[in-house]
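Below is one structure, written out as structure tokens; comments come after it.
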Amino acid sequence: MNRTMNRLALATTLTLATVTAQAADNFVGLTWGQASDNIQKSSALNSNLNNPKLDKVIHGSDTWGVRAGQQIEQGRYYLTYENVSDTDRGTKLRQQNLLGSYDAFLSLGDNNTQLFGGATLGLVKLDQESGGFKRDSDIGYAAGLQAGILQELNKSASLEAGYRYLRTNASTEMAEHGGSKLGSLDLHSSSQLYLGANYKF
């Protein structure tokens, strides 16, 4: 009896897995957006560099990303890589994100237009590449939320617009070449408004 039940459970699991796999569509996509960072500075950095405006470095800066994942009727899950860098008053910062996300869908009328909302976890790499300073980098964790609207153009293509907010703990230091440490800066959070194009296959 137990053997029969085990076989039945295994068959049911395999059937559900097959149906799920058949119902899921793989997709790839590109994103473009504008990112802004909330940088927190140490008191030493403020004192040594006269309170630099580091929030202005990545502020409304262009960011590009690529993504890949699977979409089902109720939502989607995907991996995203993004890169953004900018310079302000000689200070240059670069931020790279590697994120895993899940979105749930809410259809508007028909299934061609859908609202989405979800959560993201991943890694963020922050590079300090300012002229006259030692280059420094750090990899931290990221967690956040995103929401937006997805418009299906046909069975294969879709466009979307969204907003994402991330909390992170990446931190780097600033030091002159051949000199001592001047202070540290922490990437406390980042936000992004973006547009995306996706292709299902």
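The values are calculated or read from the model by the stated rules, or taken from the named source; none is laboratory data. What you are looking at is a predicted structure, and each value in this text was computed from that prediction instead of being measured. Backbone-built Cβ (ideal geometry, glycine too); neighbour counts: all protein chains shown.
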| Tally, over the range 174-201, of residues that are closer than 30 Å to Asn112 by Cβ and either buried (at least 19 other Cβ atoms within 10 Å of the Cβ) or not polar (S, T, N, Q) (or both) | 10
| note | How many residues of the range 138-173 are aliphatic (A, V, I, L, M) and either touching a Pro at 6+ places or on another chain (Cβ under 9 Å) or surrounded by fewer than 18 Cβ atoms within 10 Å (Cβ to Cβ) (or both)? The answer is 9
| said: I need the strands (runs of 3 or more DSSP E) fully contained in the range 126-201, keeping only those with at least 1 residues that are of a type in the set (D, E, K, R), in contact (Cβ under 8 Å) with a residue 60 or more places away in the chain and over 22 Å from Tyr102 (Cα atoms). | reply: 181-200
| How do the pairs read when you match residues in the range 31-50 that are over 21 Å from Trp64 (Cβ atoms) and touching a residue at least 12 places away in the same chain (Cβ under 8 Å) with residues anywhere that are in a loop (DSSP other than H, G, I, E, B) and not aliphatic (A, V, I, L, M), using Cβ under 8 Å and keeping only pairs 6 or more apart or on different chains? | Lys41/Asn51; Lys41/Pro52; Leu45/Pro52; Asn46/Pro52
| field | From the options Asn97, Asn111, residue that is of a type outside the set (Asp, Glu), assigned to a strand (DSSP E or B) and at pLDDT below 95 | value | Asn111
| query | Quick one: would you say Ile72 is in contact with a helix residue (DSSP H, G or I) (Cβ under 8 Å, 6 or more places away or on another chain), surrounded by fewer than 17 Cβ atoms within 10 Å (Cβ to Cβ) and among the β-branched types (Val, Ile, Thr)? | reply | yes
| Residue, surrounded by the fewest Cβ atoms within 10 Å (Cβ to Cβ), within the range 77-107, restricted to residues that are touching a residue at least 12 places away in the same chain (Cβ under 8 Å) and more than 25 Å from Lys125 (Cα to Cα) | Ala104
| remark: Looking across the range 62-85 at residues that are part of a strand (DSSP E or B) and hydrophobic (A, V, I, L, M, F, W, C), the single one that is farthest from Leu30 (Cα to Cα) is Val84
